[in-house]
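What follows is a single structure, written as structure tokens, with notes after it.
The values are calculated or read from the model by the stated rules, or taken from the named source; none is laboratory data. All figures in this text were calculated on a predicted structure; none of them were measured in a lab. Backbone-built Cβ (ideal geometry, glycine too); neighbour counts: all protein chains shown. Ligands, DNA and RNA are stripped out before the accessible areas are found, and what is left, the full protein with its side chains, is counted by its heavy atoms. Shrake-Rupley method; radii C 1.70, N 1.55, O 1.52, S 1.80 Å.
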Amino acid sequence: MGIHSRNWTTLTSIGKCILNHYETRWRLIISVFSKKGFSSLHPLVTLNYPIMKIDTPEFKALFTPGLTTLASLFKDYGYELRIAGGAVRDLLMKIQPKDLDFATTATPDQMKEMFSAEGIRMINTKGEKHGTVTPRINDKENFEVTTLRIDVRTDGRHADVEFTTDWKLDANRRDLTINSMFLSLDGTLSDYFGGYQDLLKRRVVFVGDADTRIQEDYLRILRYFRFYGRIAEQADRHEEGIFEAIERNAGGLLRVSGERIWSELRKILEGKFAGDLMKSMLSLGIGPHIGLPVDPDVAEFDRVWCRQCARCLHPVALLAALLRNQDEVMKFHSRVKLSSYERDLGLFVVEHRGDKPSVKPLRPYQLLVVNSKGKTHDTKEWVCEVLKYRGDQTLLKEFEQWSVPRFPLNGYMLKEKGAPGGKGLGQVVDILKKHWVESDFNMSSEDLLQLLPHVLCEMGVKPNR
């Protein structure tokens, strides 16, 4: 047996004894040996046993009548049930989870048999092939419960799975260590890959080998940046080797649907360090694979991000800083399938982000709303985004306090006084609206109707009587 093998044997023997009683000392030993060249010792850091119990107000608040019923049901039938993934991470951060995902040793068939026997309705059967069954408890609460599984084959988007009863194997297929923990319904935390310690250190790393995890689902590249923005305390403390793995695999994002891309990207743009993370992503060659130009306008993006208002910009408005024109907005839209509101916001910001010289600085933005052919409410929101984009807080505050006035005339009133129909009527409205704006929106319907004969005369149109 070689020296390295003997070291492995000795370390493993000692480590197993220490791990049962002194987790902290074991981690110290691992750290020391790693520094001396035993880089392959990392797998031994996994914690395949319960490491603590929690009993926080956030945890207690989970136990609705529906969850209590669900827990009792699984216990009576002899199946393990634990909270999984992001909800566990949030609870450990003392954040109330918005959604709960559950994992179980029961197979989908066993769950269906159990729920059917108990007269519990199941909904959304589409998830069954991936192991997810959704019971509706007391006809009030839905719970997504997924069988423990391993990925047998993956293509970077989808996986063929095989069910298991091994919690560690299921944890091993998850993306990040902080998302790989389980929490029993008695508060016992099970952590197989050091996720709890990583969470305490605000450290974001993949479970095991980064290349392997990314190649199982290339969307994990964006998920990494999203969770970094949520968890990390500094903008640029990425672990060694992660960026290299991301750069090697960035092209795989072309296989991922636009809807999934945008779902992650908009959360990155809404999170902490959005500007820094976007620039890191661009430097790693991610941009062209997610619909951004090969040469995005990073200088403009920097200017916008440095402005105080950038922190509250709509994600599309912030992203628009990377796009030089409306064609680039539409190319991005064609890749990620923005909503119509988001698409139009992007187009609006790019069109109106430039200077608008005026004696009355607010007037050009008021006109955008008053003359809008779309929904007034939407246009006002878009103008607010433009002003935040420009960093003009004074004008933004003034605009937000401005109540959009209603033009006092309509087509019926104008026709009654002799205005023509069709396109001619639209021209009359435009001219009278201009007079109304110049009066600071103070002219009444009577005032405007008095101008109608003069307007028609200038147009060379005889009044209809």
Under a 5 Å amide H to amide H cut-off, with H placed in plane at 1.01 Å, what residues pair with E144 once short-range neighbours are removed?
-> F102
Built amide H within the under 5 Å cut-off of V161, gap 5+ | V152
Considering the Cα trace of the chain, what is its radius of gyration and what is Dmax, both in angstroms?
-> 30.1, 111
Convex hull around the C-alpha positions of region 128-238: the volume in Å³ per residue is 134
Inter-label distance, nm, simple model (7 Å from Cα along the C-beta direction), D139/E351 | 5.1
With x for Gly and Pro, the residue-by-residue ³J(HN,Hα) of region 107-114, computed from phi through the Karplus equation 6.51 cos²θ - 1.76 cosθ + 1.60 at θ = phi - 60° and given in whole Hz, is 6, x, 5, 5, 5, 4, 5, 5
Per residue accessible area of region 291-404, 1.4 Å probe, in Å² = 50
May I ask for the net charge around F399, where only other residues with Cβ less than 14 Å from the Cβ of F399 are counted and Lys, Arg are +1 while Asp, Glu are -1?
-> +2
Would you kindly derive the ³J(HN,Hα) couplings of region 375-383 from the backbone phi angles with the Karplus curve 6.51 cos²θ - 1.76 cosθ + 1.60 (θ = phi - 60°), listing them in order in whole Hz, with x for Gly and Pro?
-> 6, 4, 4, 5, 4, 5, 4, 5, 4
A 1.4 Å probe over the protein heavy atoms gives region 408-464 a carbon and sulfur accessible-area percentage of 52
Once D302 and A235 are pulled to full extension, the length gained, defined as 0.36 nm per residue separation minus their Cα-Cα distance, is 22.6 nm
Of all the accessible heavy-atom surface of region 291-404, with the other protein chains kept in place and a 1.4 Å probe, what percent is carbon and sulfur?
-> 50
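Could you compute the net charge surrounding R311? Neighbours are other residues with a C-beta less than 12 Å from the C-beta of R311; K and R count +1, D and E count -1. Write out the running numbers ahead of the final one.
Details: positive: K272, R307, K388; negative: E270.
Here the charged neighbours net out to +2.
Sum -39500 (n - 2.57) across every DSSP H segment of at least 4 residues in the chain, then divide by the residue count to get the 222 nm mean residue ellipticity, nearest 500.
Details: 23 runs with 235 residues, N = 465.
Helix contribution divided over all residues of the chain: -15000 deg cm²/dmol.
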Amide H contacts under 5 Å for T188, placed H, 5+ residues apart | I54
What's the angle, to the nearest 10 degrees (0 to 90), between helix 326-336's Cα axis and the longest principal axis of the chain?
-> 40
Once phi is turned into θ = phi - 60°, what whole-Hz ³J(HN,Hα) does the Karplus curve with 6.51, -1.76 and 1.60 give for every residue of region 271-286, x standing for Gly and Pro?
-> x, 5, 6, 4, x, 5, 5, 4, 5, 5, 4, 5, 5, 8, x, 6
Only Lys, Arg (+1) and Asp, Glu (-1) charged, at Cβ; the chain dipole about Cα centre in debye | 500
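For the cross-link pairs K337/K433; K53/K126; K360/K380; K331/K388, which exceed 27 Å when the distance is taken from alpha carbon to alpha carbon? Working shown, then result.
Details: K337/K433 36 Å; K53/K126 34 Å; K360/K380 18 Å; K331/K388 24 Å.
From K337/K433; K53/K126; K360/K380; K331/K388, over 27 Å: K337/K433; K53/K126.
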Between M459 and T376, what length in nm is gained on full extension when 0.36 nm per residue of separation is reduced by their alpha carbon distance?
-> 27.0 nm
Dividing the convex hull volume of the alpha carbon atoms of region 57-201 by its residue count, what do you get in Å³ per residue?
-> 111
